Amino acid sequence: MNTLDSLDPRIVGERLRIAREAAGLTQKEAADLIEVARTTLVAVEKGERRVRFNELQGLAKIYGTSINTMLRSEAVQVELAPRFRKLEETADTAVEHAVQVLTNFVKAEIELENILGVKRSKNYPPERPLLPGDVSKQADRDAQELRERLGLGNRPISDIVTLLEMEFDVRVYVWKIHAKISGLFAFDDAVGPCILLNANHPISRRVQTAAHECGHLISSRRQPEIFIEEEKSNSREERYADAFGRALLTPARAISQMFRDVTAGSERLTRRHIIILSHYFSVSREAMVRRLEELGLVSGVWDWFVANGGITDEQAKQVLGDLRIVDKQSSEWDRPTTLRLSMLAEQAYKKELLSEGQLARLLCINRVELRHILSGIDMEGNSFDDAPILR
Amino acid sequence: MTPRFLDNPKTPIIIDASVVINLIASQLAHDILRSLPFRVFIVNEVYGEIENGQKRGREDFKILTNLVRENLVEVVNLRDMAILTFLNLTIGDTASTLDDGEAATIAYANDCNGSAVIDEKKARRICSQHFQTLPIFCTFDIFLHPNLKNALDQEALRNAILNALRDARMSIPPNYADQIRKFIGEENLSSYSSLPRNIREIK
């Protein structure tokens, strides 16, 4: 009996179904492409009929994957798509692409962690489900609680992505997806919380999105979200997440204090004040002005600036010089995959746990891109073998 | 298996995706393949892998189809016993399996009593553990083949190797490092900071 026949056909069928859905094909489309009856493919996916070798070859080809990727024992099955699909009324290719990006990253990361024996902690923040009453007040309270838990006091959060990753074990990925999508959030018991942010958005917008998704993590963890600014609903969950994001990044007391300090002695509110405040709290200038308005510290200010030429990047540069916000994730744009995945891949490759072909498939990159990653990390060369050992 | 020159024209030589990519990156693939005294084959799985690479902006597939059309590379399919070997190499736990192209190359070469040309470390290890009688070679056994020394302009061959090192980030097995250093020349090496460190270091 060959190794294919020794596998449980229901497991094989399940894996093939997941691979087909990841490739965005219906059963009819896949069956037609490999020239079998749809009923045959249905039976195979249900485990009622064993797949034949030539059918398996055909399916691997049309799904753009390999037999090894689909059927090796530790292949991790991550299905986030069905969760997101429930949220959409019609199929949207931009969203489907973003969901697939997130799924691929999560799948690759988990499989690499498993094979390397990396144990991830699950230090998620406590859930605070929505209660009746004013959601803004709840959001304010919960954000304050989180800040205290992190020992932040009134200090700004300099890097919310790293904070989410390190303090709360959230998987955060930043990748180029359709401009209309700010981000995705999903929580799965096996995988934990995952967030995808848009690399096409400026850092201040990504920071806001991350803080917003953190609000979902706290209050509506089990509900996945596709965050599209223009399509935002007015649900309590959305209003909570927005308010939470604002309170987390720009807490009321800290803003009031700093506003008072920065504007001391001035008669008028100037662009310079806004530039300094927004830079200090790592938010956009518009977000800062709106927050000041929300807190009643100023009124009608943003509209005035918009009518008078706005506050430009050039002006910000003049005020801040080289102190502008460092976009830590920007170095990821030109990489074929994330930094964390690159490092996991390099370890797995060095230990010969995964071959070049297997890694390239897992990370959805080609071999040359993979070689760039592996040689980039291996800057130390052979002499690194003498470096101190980590215990 | 101690590498020796690929010199038996009757033995089918099956090359892996990695080797195909290195040869194409050299920009001398046509001349190299034409000058070799044996026929070169790739398995369908490797052909499919290179074809898939188009989606990520690689031009390799266009060149590969030319090589196939000009009969410099022949695409073959797994059959019979090779299929069983292939399944053993692809189905199992991750640490002891290989991706399809790598597995099919070994399976086909083993089944037809040919030789496999594979650069991949893990694949070579699995090969030497489970297929002890299968001769394995690497890309450099092709680049440094004596026939190429006679048939090709040496400067062109030097540039070919540098192209592959630079554009495909081809890796050099440690036991070839000295030969490559000698052949390419110290002055050429130091100008390529993208070269693997064990080659750049001038001893």
Residue that is farthest from the other protein chains (Cβ to nearest Cβ), among those in segment B:33-59 that are part of a helix (DSSP H, G or I) and of a type in the set (D, E, K, R): B:R34
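Give B:L189, B:L144, B:L162, B:L152 a once-over and let me know the one that is at pLDDT 85 or above, closer than 25 Å to A:I373 by Cβ and open to solvent by less than 40 Å² (accessible area, probe 1.4 Å).
Working: B:L189 fails: at pLDDT 85 or above; B:L144 fails: closer than 25 Å to A:I373 by Cβ; B:L152 fails: closer than 25 Å to A:I373 by Cβ.
Among B:L189, B:L144, B:L162, B:L152, only B:L162 is at pLDDT 85 or above, closer than 25 Å to A:I373 by Cβ and open to solvent by less than 40 Å² (accessible area, probe 1.4 Å).
Here's a check for you: in segment A:100-129, which residue that is part of a loop (DSSP other than H, G, I, E, B) and of a type in the set (S, T, N, Q) is most open to solvent (accessible area, probe 1.4 Å)? Full working, then the answer.
Within segment A:100-129, the subset part of a loop (DSSP other than H, G, I, E, B) is A:117-129.
Of the ones still in play, those that are also of a type in the set (S, T, N, Q) are A:121, A:123.
On the way: A:S121: 69, A:N123: 94 Å².
Taking the candidates together, the pick is A:N123.
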Note down all Cβ pairs under 7 Å where the first residue falls in segment B:61-77 and is among the aromatic types (F, W, Y), the second is assigned to a helix (DSSP H, G or I), and they're at least six residues apart or on different chains. B:F61/B:I50; B:F61/B:E51; B:F61/B:G53; B:F61/B:Q54
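Taking the residues in segment A:130-151 that are among the charged types (D, E, K, R) and within 16 Å of A:L217 (Cα to Cα) as candidates, determine which candidate is surrounded by the most Cβ atoms within 10 Å (Cβ to Cβ). Lay out the reasoning, then the answer.
Here is the first cut: in segment A:130-151, the ones among the charged types (D, E, K, R) are A:134, A:137, A:140-142, A:145, A:147-149.
Going one step further and asking which of them are within 16 Å of A:L217 (Cα to Cα), we end up with A:140-142, A:145, A:147, A:149.
On the way: A:D140: 18, A:R141: 13, A:D142: 24, A:E145: 14, A:R147: 18, A:R149: 12.
Residue satisfying both the conditions and the ranking: A:D142.
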Among the residues of segment A:143-165, is any under 25 Å from A:A81 (Cβ atoms), in contact (Cβ under 8 Å) with a residue 40 or more places away in the chain and part of a helix (DSSP H, G or I)? yes
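Could you list, in sequence order, all residues of segment B:95-131 that are within 18 Å of B:N175 (Cα to Cα), assigned to a helix (DSSP H, G or I) and in contact with a strand residue (DSSP E or B) (Cβ under 9 Å, 6 or more places away or on another chain)? Spell out how you get there, then give the answer.
Residues of segment B:95-131 within 18 Å of B:N175 (Cα to Cα): B:117-125, B:128.
Subsequent filtering for residues that are assigned to a helix (DSSP H, G or I) retains B:121-125, B:128.
Hits for segment B:95-131 are B:A123, B:R124, B:S128.
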When you check A:R50 against the structure, is it within 13 Å of another protein chain (Cβ to nearest Cβ), at pLDDT 90 or above and open to solvent by 70 Å² or more (accessible area, probe 1.4 Å), yes or no? yes
Please go through segment B:60-79 and give me each residue that is open to solvent by 50 Å² or more (accessible area, probe 1.4 Å) and within 11 Å of chain A (Cβ to nearest Cβ), ordered by number. B:N77, B:R79
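Listed here are the residues, each with its yes/no results for (1) modelled with pLDDT under 85; (2) open to solvent by less than 60 Å² (accessible area, probe 1.4 Å); (3) under 24 Å from the mean Cα position of the chain (by Cα); (4) among the small types (G, A, S).
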position: A:V301; (1), (2), (3), (4): no, yes, no, no
position: A:D327; (1), (2), (3), (4): yes, yes, yes, no
position: A:R335; (1), (2), (3), (4): yes, no, yes, no
position: A:M343; (1), (2), (3), (4): no, no, yes, no
Where a residue in segment A:189-209 is on the phi > 0 side of the Ramachandran plot and its partner, wherever it lies, is open to solvent by 10 Å² or more (accessible area, probe 1.4 Å), with Cβ under 8 Å and at least six apart: A:G192/A:R120; A:G192/A:K122; A:G192/A:Y124; A:G192/A:D169; A:G192/A:R171
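State all residues of segment B:80-102 that are of a type in the set (G, A, S) and either facing another protein chain (nearest Cβ under 7 Å) or in contact with a Pro (Cβ under 9 Å, 6 or more places away or on another chain) (or both); if no residue qualifies, say none. Reasoning before the result, please.
Step one: list which residues in segment B:80-102 are of a type in the set (G, A, S), which gives B:82, B:92, B:95-96, B:101.
Those that are of a type in the set (G, A, S) and either facing another protein chain (nearest Cβ under 7 Å) or in contact with a Pro (Cβ under 9 Å, 6 or more places away or on another chain) (or both): B:G92, B:A95, B:G101.
I'd like to check which helices (runs of 4 or more DSSP H) are fully inside segment A:1-99 and have at least 1 residues that are acidic (D, E). Let's see the steps before the verdict.
Numbers: elements: A:9-22, A:27-33, A:38-46, A:53-62, A:67-71, A:81-85.
In segment A:1-99, the matching helices (runs of 4 or more DSSP H) lie at A:9-22, A:27-33, A:38-46, A:53-62.
Name the one entry in A:I11, A:I62, A:I67 that is under 22 Å from A:L112 (Cβ atoms) and surrounded by fewer than 21 Cβ atoms within 10 Å (Cβ to Cβ). Before the answer, list the steps.
Numbers: A:I62 fails: under 22 Å from A:L112 (Cβ atoms); A:I67 fails: surrounded by fewer than 21 Cβ atoms within 10 Å (Cβ to Cβ).
Every option except A:I11 fails the conditions.
Step by step: first the residues of segment A:18-33, then only those that are under 14 Å from A:A60 (Cβ atoms) and open to solvent by 30 Å² or more (accessible area, probe 1.4 Å), then the one that is nearest to the chain's Cα centre (by Cα). Which residue is that?
Of the residues in segment A:18-33, the ones under 14 Å from A:A60 (Cβ atoms) are A:18-20, A:22-23, A:25, A:30, A:33.
Imposing the further condition that a residue be open to solvent by 30 Å² or more (accessible area, probe 1.4 Å) reduces the set to A:22-23, A:25, A:33.
On the way: A:A22: 18, A:A23: 21, A:L25: 25, A:L33: 34 Å.
In this case the residue turns out to be A:A22.
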Restricting the first residue to segment A:254-272 and requiring it to be among the hydrophobic types (A, V, I, L, M, F, W, C), which pairs with a second residue that is open to solvent by 40 Å² or more (accessible area, probe 1.4 Å) meet a Cβ separation below 7 Å and a spacing of at least six or different chains? A:A254/A:N154; A:I255/A:L295; A:M258/A:Y280; A:F259/A:L297; A:V262/A:I276
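The values are calculated or read from the model by the stated rules, or taken from the named source; none is laboratory data. These figures come from a predicted structure and were not determined experimentally. A quick note on method: Cβ atoms are made from the backbone with ideal geometry, for glycine too, and the neighbour counts reach across all protein chains shown. Remember, those area values only see protein heavy atoms, side chains included, never the ligands or the DNA or RNA. Shrake-Rupley method; radii C 1.70, N 1.55, O 1.52, S 1.80 Å.
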